[in-house]
1. Checking residue 407 against (1) surrounded by fewer than 17 Cβ atoms within 10 Å (Cβ to Cβ); (2) in contact (Cβ under 8 Å) with a residue 40 or more places away in the chain; (3) over 23 Å from residue 693 (Cα atoms): exactly one of these is not met. Which one?
2. Scanning the range 678-696 for residues that are within 20 Å of residue 620 (Cβ to Cβ) and under 32 Å from the mean Cα position of the chain (by Cα), which turns out modelled with the lowest pLDDT?
3. Can you name the residue in the range 357-379 that is at pLDDT 85 or above and closer than 21 Å to residue 454 by Cβ and is also surrounded by the most Cβ atoms within 10 Å (Cβ to Cβ) among such residues?
4. When the range 57-71 is examined, which residues are found to be in contact (Cβ under 8 Å) with a residue 60 or more places away in the chain and assigned to a strand (DSSP E or B)?
5. Taking the conditions exactly as written (assigned by TED's automatic domain parsing to the domain that holds residue 212, at pLDDT 65 or above and farther than 27 Å from residue 213 by Cβ), does residue 239 satisfy them or not?
6. Which one of 272, 317 is within 27 Å of the chain's Cα centre (by Cα), modelled with pLDDT of 80 or more and not assigned by TED's automatic domain parsing to the domain that holds residue 195?
7. So which residues in the range 705-745 are touching a strand residue (DSSP E or B) at 6+ places or on another chain (Cβ under 8 Å) and buried (at least 23 other Cβ atoms within 10 Å of the Cβ)?
8. Could you go through the range 647-656 and let me know if any residue there is assigned by TED's automatic domain parsing to the domain that holds residue 449, at pLDDT 95 or above, more than 28 Å from the chain's Cα centre (by Cα) and not in a strand (DSSP E or B).
């Protein structure tokens with residue numbers, strides 16, 4: 001080390017010692033090092049042991065806004081590698097390293113040179129200091145020595161800050177802000193007040209949330225019982241395999257038992273419990289630390305043992321979760337939160353105990369959301385910033401009308417939302433009288449209200465609420481619920497059930513509509529722009545064997561009932577319809593010969609979702625029996641907006657002048673050719689827009705069962721003459737908000753204020 005470097009070192013050490021806080025020390029360090037070493041970036045990451053993450057605490061060269069927010073798991077990136085190895089990592093081409101991880105939120109360019117030095121105190125990693133350069137170069141031994149010396153000095157400062165409790169950046173769950181709002185996407189409307197329950201997969205180490213122990217001695221006892229049970233289980237397996245496996249093949253059982261010795265893994269887990277961690281979290285941390293060590297080993301055999309260690313951890317965790325099922329105990333105020341909640345996980349729970357669902361992932365038309373909507377559970381998805389693992393048992397308000405989630409809301413806000421909740425409950429009671437009424441306007445115009453189905457609960461509630469038929473049966477849902485494509489006979493049984501419940505009433509069955517946000521678990525379609533990709537009829541025509549199996553099943557299911565209508569999704573061109581009709585006619589002939597029965601040919605319709613169809617009605621009309629508007633997709637394609645994207649969700653509106661004018665022209669064209677035209681989707685289920693659709697002349701409105709009574713009440717109270725006048729006014733407006741305000745004003749001034757969506761009531765703290 002040169003005299004100049006020694007002088008620089010002394011100066012930095014003096015400034016650090018003279019600083020008044022840890023944050024100041026870290027800022028001095030990164031700025032002085034960057035200047036002294038002439039590097040583009042200098043950053044310091046500190047280890048948050050509780051969450052097993054390295055948090056960016058100071059930086060010269062990276063985005064200042066990333067400081068205090070960007071973090072890496074101890075097993076992630078080159079920073080994690082430095083911490084795991086507890087040694088220097090010096091690279092001249094960092095992006096090519098297998099552990100390289102780009103963090104866009106840091107605003108960093110691609111820096112080729114990387115030098116990472118662990119900050120150690122008493123053989124324990126406290127953090128990592130990193131310097132980076134754009135140009136490729138190996139940092140010299142002198143540079144390494146310089147940083148090692150500085151890190152040794154810094155480690156004492158960090159350790160002191162830990163000892164006196166001056167590190168306030170590693171927040172515990174209890175230290176969350178008193179009040180915070182998060183924005184997501186509304187999946188299923190409603191209001192809920194309650195406490196968060198984190199839903200995580202059983203025996204999944206990575207998913208175990210952070211949680212403080214309520215009773216340390218109880219957690220220690222739980223661990224002892226779990227470890228004893230796992231020991232007994234492994235001994236039993238060893239005995240069972242005695243004759244089937246050779247001694248060397250059974251050696252793993254002995255290894256497991258040694259690892260479960262009181263002085264091995266259990267001792268490490270207990271140490272973390274005594275520090276305040278709950279048993280499940282302590283198991284996760286210890287097992288993950290050991291897995292990381294195994295995965296770094298050069299010996300292939302030892303490296304593969306990481307999987308065995310993970311299995312051992314899962315076994316312990318399974319017994320802990322069985323003994324302590326608190327994470328599954330639900331009350332009437334339980335708000336389920338998680339990164340992504342599967343349909344299977346949802347239906348296994350007592351759904352009557354779920355007040356609301358909130359997820360960081362997911363889209364508003366995911367299968368889980370469809371199920372939640374059918375069950376009437378308020379749901380918000382895509383809350384990307386929600387810190388799920390730190391919200392266990394936190395008080396929450398979910399406003400699923402607006403897609404908002406409130407953490408630790410103030411008293412005034414809770415009071416206001418309780419009032420809104422009571423209003424909604426009263427509205428629901430008042431609506432029950434419309435279960436037995438027909439949708440007829442005061443001036444005698446009848447409107448047919450159909451139900452959208454997919455699950456049996458949709459059917460049951462649709463019948464209960466007086467639906468006149470099924471306007472859209474989502475046939476993809478049975479496909480989603482399985483781990484393979486269902487066979488023809490399986491499908492026939494499912495379709496027969498749907499058709500039988502609505503005997504003597506039309507049932508419109510849409511052929512398989514997958515792609516975009518409707519992936520099958522066993523047939524995922526990965527595309528850069530899935531909304532414009534391989535979906536709907538495009539997929540089924542490329543797989544005629546799947547299409548034909550479904551058509552055959554539908555035809556067989558309709559024998560003797562004769563209420564089947566078939567709907568083709570995502571139609572773009574005439575040729576697609578012609579090809580589908582050819583396959584349908586062929587399958588009809590085949591089924592009649594096979595079953596030795598005359599089958600009434602079902603009416604065939606196409607979905608109006610793609611704007612190109614709007615301009616080709618005269619060409620489609622001779623080929624099909626009816627048209628059905630998919631309002632959700634048509635609105636998205638007309639406005640070029642992904643409504644599942646929170647950034648642009650506010651642009652999406654079915655009150656947009658372009659949408660209203662397109663639908664008005666469509667109805668006129670369909671009526672010109674004497675073709676019935678229906679509409680399904682959210683637009684049909686919103687009382688404000690349903691009245692406009694009625695005025696346009698739609699023959700049928702099809703909607704979720706939860707919206708039928710609201711729409712029926714609106715129709716029963718609004719004369720067709722008023723509706724047509726409102727439509728005329730709406731078509732002259734150029735702003736969707738003005739159209740919505742027009743409708744809301746009419747509803748409020750004609751005794752229908754309770755029908756105005758509660759989403760319009762913005763609640764502030």
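1. If we test residue 407 against (1) surrounded by fewer than 17 Cβ atoms within 10 Å (Cβ to Cβ); (2) in contact (Cβ under 8 Å) with a residue 40 or more places away in the chain; (3) over 23 Å from residue 693 (Cα atoms), just (1) comes out false.
2. Looking at the filtered set, the residue picked out is 681.
3. The first filter runs over the range 357-379 and keeps only residues at pLDDT 85 or above, leaving 357-360, 377-379.
Narrowing further to those that are closer than 21 Å to residue 454 by Cβ: 357, 359, 377-379.
Numbers: 357: 29, 359: 26, 377: 23, 378: 23, 379: 34.
Filtering first and then ranking leaves 379.
4. Within the range 57-71, just 57 meets the criteria.
5. On the way: assigned by TED's automatic domain parsing to the domain that holds residue 212: yes; at pLDDT 65 or above: yes; farther than 27 Å from residue 213 by Cβ: yes.
In short, yes.
6. Numbers: 272 fails: within 27 Å of the chain's Cα centre (by Cα).
The match here is 317.
7. 705, 708, 711, 712, 715
8. Checked against the condition, which is being assigned by TED's automatic domain parsing to the domain that holds residue 449, at pLDDT 95 or above, more than 28 Å from the chain's Cα centre (by Cα) and not in a strand (DSSP E or B), the range 647-656 yields no hits at all.
The values are calculated or read from the model by the stated rules, or taken from the named source; none is laboratory data. These figures come from a predicted structure and were not determined experimentally. Every residue, glycine among them, receives a Cβ derived from its backbone with ideal geometry; neighbour counts consider all protein chains shown.
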